[in-house]
Amino acid sequence: MAWVEKRGQQFRIVFRFGGKKCQVALKTNDEKEAGTCLTRFEENLRLVERGRLVVPANVDDIGVFLLSDGKLNGKPGAVIGSSVTLSELFADYRKNHPKSAKEASTLYTESIHLRRLERIINGSIPVMSITPKTLQAYIDARARDDNGYGGTIGSTTIKKEIGTFTTVWNQWGVPQGIVAGPAPTAGLLFAKERARPPFQTRAQIERQLARSNRNEDDSELWECMFLTLPEVEDVLSIVKDRKGPAYAFPMFAFAAHTGARRSEILRSLVTDFDFEAKVVLIREKKKDSSKEMTFRSVPITAKLETVMKDWFARHPGGPFSVCTSSGRQISVQLAAKTFDRMLKNSKWSVMPGWHCFRHSFISNCVAKGIDQRMIDFWVGHTTEEMRRRYSHLIPRTSQEALCKVFGT
C-alpha cells in the first residue's frame, strides 16, 4: 500500500513495507508528476511482493530502490526521467543514436513504429508513467486497426512495434540516464499468431485461388510465392526489355542469381565483384550485431558475370555496384519503387518484392540437391528456424522423391 503526501512544498510517497511505515521524497512540487511516480512505485512494490523484483541485501533505502525500478541502492540526486515525455525520449533517440549502428531499412521501419507508438499512447505522457497496462492497451488498440487489406493488424507486426519500444527504452534511454529500470513489458499478452502459408509456386497459388473463390485480399498467398528457374529468367527478360533506370536490370540479375537481400545489394561495391575468382563479396549486417559488418561470398554465375561486366562498362562512377545515373547510392524507397515500376502491368506484378528472389534462389538450390551447408554459406543462414522457413522443395521434385518409395 502506498500513497502521496505533501510536506511543505514537496511531495513524498508514504508506504508500508515489511510491517513498517516508510517514505521516500520525490523532490517535486508538481502534483501530476507525483501521481505519475506513485503509479510506477506501486507497480514495483507489487513486483517485489510477487517475487518478480528481488531486493538485494545491500539496499540501504527501499524507497529509493522501488522509485528507481530497482536500479539505485542509494539516494539519487534526482528522479531520473520523471518528467521526460515519450515524445522527448523518441526525439532524443532519433537525433543522437548513431545512424551507422543500424541498417537504413531498420531505421526507416523504426521511425514508422515510433510514430504509431506516439499516436496511440500519446507522446505527451511522461515515460515513467508508462506501465504494462499502458502497453497492453496499445496492443489491444493495434489489434483492432485495419491492415488496409480488409483484415486487422497481426500479432507479428505488433510484437515488432513493442520490440522497437523496448529497444529505445533499454538500449538508449537507460544508458543515457533518460529513464530508469527496464522497459515495462512484463506480462504483455498478444493474440495467437497466424501461421503463414508455406512457400508455393505461382501455379500452386493460382490453383488455390481458382478453387476457393476468395473475396478477401490474396496478398498473403503471393507473399509466399517463389519462382522456378524458368520463371526467374522470364522476369529478367521482361525487365531487360523494358525502359527504366540503367541500374534496374543489373540489380534484378544480382538479386536473382545470388539470393542477396535488398540491403546487401544496395551497399555492394564495384570492388566486391572478382571476375577472375568468379565470386562476389556480400556485405551483411544481420549475422552479428556486435560487429558493424560481416562478409560472405557467393559464386558468380555465367549470366550474372555477363550482365555485370556489361553494366560496369557503362557504370556512371562511384563506389557502389548498383547506383543512380549520378553515381549515388540507391535508397530503400527508390529500390522498392523501381521494383514495382519494372514489373507493373506484367504477369509478374504479383511478386511481393525483392525478397521473392531470395526465396526462389534458396528453393531452386534445394531442388537441385545442393548441400544445405553450402546454401547456408551463400545466403547467410545461421539458425535452424531459418532453414525450416526457407528450405522447402519445388513440388515436382518432392513428388519424384516420394515416388522412389511408393512407385509411380
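Given the choices [x] 204; [y] 222; [z] 139, volume of the Cα convex hull per residue in Å³ derived from the coordinates of this structure is entry [x].
Each peptide in 317-328, 89-100, 359-370 was scored by the mean count of other Cβ atoms within 10 Å over its residues; highest first, the order is 359-370, 317-328, 89-100.
In segment 202-406, taking the dipole from charged Cβ atoms about the Cα centre, the farthest positive-side position among I205, M374, N345 is held by N345. Working from Cα pairs under 8 Å separated by at least six residues, relative contact order for the chain is 11 percent.
Close amide H pairs (under 5 Å, H built 1.01 Å from N) link F17 with C22, residues at least 5 positions away or on another chain. Qualifying trypsin sites (Lys or Arg not before Pro) in segment 152-204, where qualification requires a DSSP coil assignment and no more than 11 other C-beta atoms within 10 Å, comprise K192, R194.
Working from Cα pairs under 8 Å separated by at least six residues, relative contact order for segment 147-240 is 28 percent. Pairs spanning more than 25 Å between alpha-carbon atoms, out of K347/K404; K243/K337; K240/K337; K243/K309; K133/K159: K347/K404. Computed packing ranks the peptides 305-312, 251-258 as 251-258, 305-312, most packed first, by mean other Cβ atoms within 10 Å. Over 32 Å apart at the Cα level, from the set K278/K368; K95/K344; K20/K192, are K95/K344; K20/K192.
Throughout, read-outs are computed from the coordinates displayed, never taken from laboratory work. Computed from a predicted structure; not experimentally measured. Every residue, glycine as well, gets a Cβ built from its backbone with ideal geometry; the counts of neighbours run over all protein chains shown.
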